[in-house]
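To keep things clear, I will list the structure first and then write my remarks on it.
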Amino acid sequence: MRNTLLAAFVVLVLAMVGLFGSFAEPAKTASKGDSGTLEKMIVSSGTVSMKLDLDRLNGVRQRSKAPGMSELRFDSERNAFFTIMVFDDVLRGPIPSEMPITPKGPAELPAKLGASYDQLVIERSLPGEQHEFVVRDRKSWFPFFNVDGHEMNYQPGERLFTVSGGRLLISDRFAKELGHPEQAGSVVGEISISATMIPVEVVELVDGVIVSEVLPAVTAPNAGSVPGPDVVVGDVFGLSQFGSNSGSQVGLALGTTSCNYGEENLNWNALPNNDHPTIPQNLYRMSGGAANDERFEQIGQSSVKHAFTALTQNLCALGCNGIGGSRLGSGCSDPYSASLNAGPNLGSRAWINPFTGAFPRGDSSTPPNDHSGHSHAGPSHRILTEISDLNTTLNPGATYFAEGQYVTLHEYTWCQANPGECNMYNNVSYRQYSVTGTGTSYAFSPLGSTERAKSAINAWPGATIVPIEPAPGNDGIGAIAYKVTSPSPGVWHYEYAVYNQNLDRAIRSFGVAVGAGAGLSNIGFHAPPQHPGWSADGTTGDAGFSSTPWSQTQTASEMTWSSETFAQNPNANAIRWGTMYNFRFDSDSPPEMKDATVGFYKTGSPIVVQVMAPSGGSVSTVSVAGRVTTSDGRPLSRAWVGISESGGGLHWTLTNQLGYFRITGIEPGLNYSIGAYAKEYSFTVQPITINGNLNGVALVANP
């Protein structure tokens, strides 16, 4: 069956190659007479050159001035999954994929492009798009330049793929961002690419029939070199809605592709065997505040998919060893589409110890995936999400993130037998999505690429993330994330997120120390919705987990939230594995570093971490110091430097003869912007975080 599907794919590539661009040879249709070698190749290493008219982009050229090109040079990401197809050493062209690039040096760029300078990607567009290549921001997916007029070439002896003569055209959105929409589509430079390629799939055809298929190993920093089995979520994709109920909720699902970064083949036995991964999915929303990034909340969670039958794909370009079925081979990848992860026959999380990966066998007296005795509604077992959390009218400007996780017994048992080779902590990845819809039907589009081996909380900009590991070697990990903003003068908003990645003990309380006399208001709590109980779901009495909000207790020195204890209620609304809860309040006191106490649900003593919390009174002011220079490094004297507060206050000074400045009397913890002014120069105003004395601030004057 696999070879039949692969043969169909090969025929499609050869027969419909015209969809993928202009190639060195005319397209031909695969038939019984087709014989040869088809290679799927990715970038091993490479360089990119962009020659840009920066004066024009920065809007400073005078009409009499001739165009001047500045060359920006980049390195490609090693083993980037930018893909070309080669048949019998003849280039058939690139297929939709992307190549992240890293700048080799600084550049004076417009603010929007400058903010994305170290996270650009060259994308081969989907078939049917107007331009074959696009230069985008990897995270926000903002398009800066379209490419046309280029020539592609492949030298088989050196496995060298080149793109030359490409014209860089200002995209519609970038032209609007620059304040010159009329320049959309105009040429502002040129691009060239030189990349050494390596094959990741090699297929031999004889008279149109596949006679061999090889997935060569790829030399990469971690390819096949991680001791033991090590499953990583290589990709999350295809976030979709699969149903709604008559009330206020919808059910979503997310596709996931696993990759085995380890040297050992990972056990992938199907039920009733319990030595296989289980796969939960989560959904998060970032919103609130002037920039819609004040808070980061989990708004949905699913039951778990029980893995079965590993395939032998090569998504992570590690070099699959070809082993599949009951094991995921070293370097291999295995995909589950959103429809497969949607179930409906997904198992309860309650049966699973997330640190050890253990759960009852399917042929035991307590099977972990028993669905007898209950019916399924639209959202059943899927990423259960409140409609009000998705409605774009109710959540203008909100950002969404989908997360996949793999939990498996084999990694834990290997760790126990091989101390120091423990790979249970990197099994979570996430991806940003846009949402459209206002009623009971929603659609989702990916923004940027999957962030591998990172939990979604890492997408919260400006937040401080404090890892927690209360019992190293005996239980999993989590994190406390926090962010302090100042929505108005004299008011500070404190936002905390408590995330449990794979702690079996769970979390039942969170307390924040506050200074004497600090006033608190708008005290809040947020948790994702819980799935209703069903027969044999692993909860006490098959009642499901409680959704009761945590109680709030405020004393003169601490603000505490807590659920019931395990003894009081074994189904209490604790922060179980793969979930995150939020705690928040406003205060009239500025922040300083204080203790936060995390209490556990099943076992273990509380732990203390350091967070920013209300000081309880005025704090000493701080200073900000730095230097103003021109773009070629010369100091700029007598330049005005100003720091503005979100509420409108301004602190300013002049630079000395060597360009240095110091501004005192700054109150820490507020939202600030810093900028400068000097005749015949321009500066970019930029946000600045001030929680203590700050030195070494660099401001560059543009002509």
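The values are calculated or read from the model by the stated rules, or taken from the named source; none is laboratory data. This is a predicted model, so every value here is computed, not measured. No Cβ is skipped: glycine too gets one built from the backbone with ideal geometry, and neighbour counts run over all protein chains shown.
Annotations
- The residue pairs whose first member lies in the range 639-656 and is hydroxyl-bearing (Ser, Thr, Tyr), whose second member is at pLDDT below 90 and loosely packed, with under 13 Cβ neighbours inside 10 Å, and whose beta carbons are closer than 7 Å, counting only pairs six or more residues apart or on different chains, are 644/650; 655/638.
- Residue pairs meeting the criteria (Cβ under 7 Å; at least 6 apart or on separate chains; first in the same structural domain as residue 178 (by TED's automatic domain parsing) and over 21 Å from residue 104 (Cα atoms), in the range 115-137; second in a loop (DSSP other than H, G, I, E, B) and among the acidic types (Asp, Glu)): 124/132; 125/132
- Given (1) among the basic types (Lys, Arg); (2) crowded, with 22+ Cβ neighbours inside 10 Å; (3) assigned to a loop (DSSP other than H, G, I, E, B), number of the condition residue 454 does not satisfy: (2)
- Residue among 111, 80 that is surrounded by 15 or more Cβ atoms within 10 Å (Cβ to Cβ) and of a type in the set (A, V, I, L, M): 80
- Residue in the range 630-637 that is of a type in the set (Gly, Ala, Ser) and surrounded by 19 or more Cβ atoms within 10 Å (Cβ to Cβ) present: no
- Some residue of the range 504-521 being among the acidic types (Asp, Glu) and surrounded by fewer than 18 Cβ atoms within 10 Å (Cβ to Cβ): no
Here's the yes/no breakdown for (1) in contact with a Gly (Cβ under 6 Å, 6 or more places away or on another chain); (2) surrounded by fewer than 21 Cβ atoms within 10 Å (Cβ to Cβ); (3) modelled with pLDDT under 95; (4) not assigned by TED's automatic domain parsing to the domain that holds residue 526:
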| position | (1), (2), (3), (4) |
| --- | --- |
| 207 | no, yes, yes, yes |
| 226 | yes, yes, yes, yes |
| 231 | no, no, no, yes |
| 247 | no, yes, yes, yes |
| 252 | no, no, no, yes |
| 257 | yes, no, no, yes |
| 275 | no, yes, no, yes |
| 278 | no, no, no, yes |
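- Residues that are touching a Pro at 6+ places or on another chain (Cβ under 7 Å), part of a strand (DSSP E or B) and not charged (D, E, K, R) are absent from the range 142-163 altogether.
- The range 341-365, residues that are more than 26 Å from the chain's Cα centre (by Cα) and over 28 Å from residue 242 (Cα atoms): 358, 360, 361, 363, 364, 365
- When each of 343, 362 is tested for being in contact (Cβ under 8 Å) with a residue 60 or more places away in the chain and at positive phi, the lone residue that passes is 343.
- Each residue in the range 436-455 was checked for being touching a residue at least 24 places away in the same chain (Cβ under 8 Å) and in contact with a Lys or Arg (Cβ under 9 Å, 6 or more places away or on another chain), and 5 of them qualify.
- Selection within the range 138-172 - surrounded by fewer than 17 Cβ atoms within 10 Å (Cβ to Cβ), within 18 Å of residue 42 (Cα to Cα) and touching a residue at least 60 places away in the same chain (Cβ under 8 Å): 153, 156
- Some residue of the range 287-308 being over 29 Å from residue 375 (Cβ atoms), in a loop (DSSP other than H, G, I, E, B) and touching a Leu at 6+ places or on another chain (Cβ under 7 Å): no
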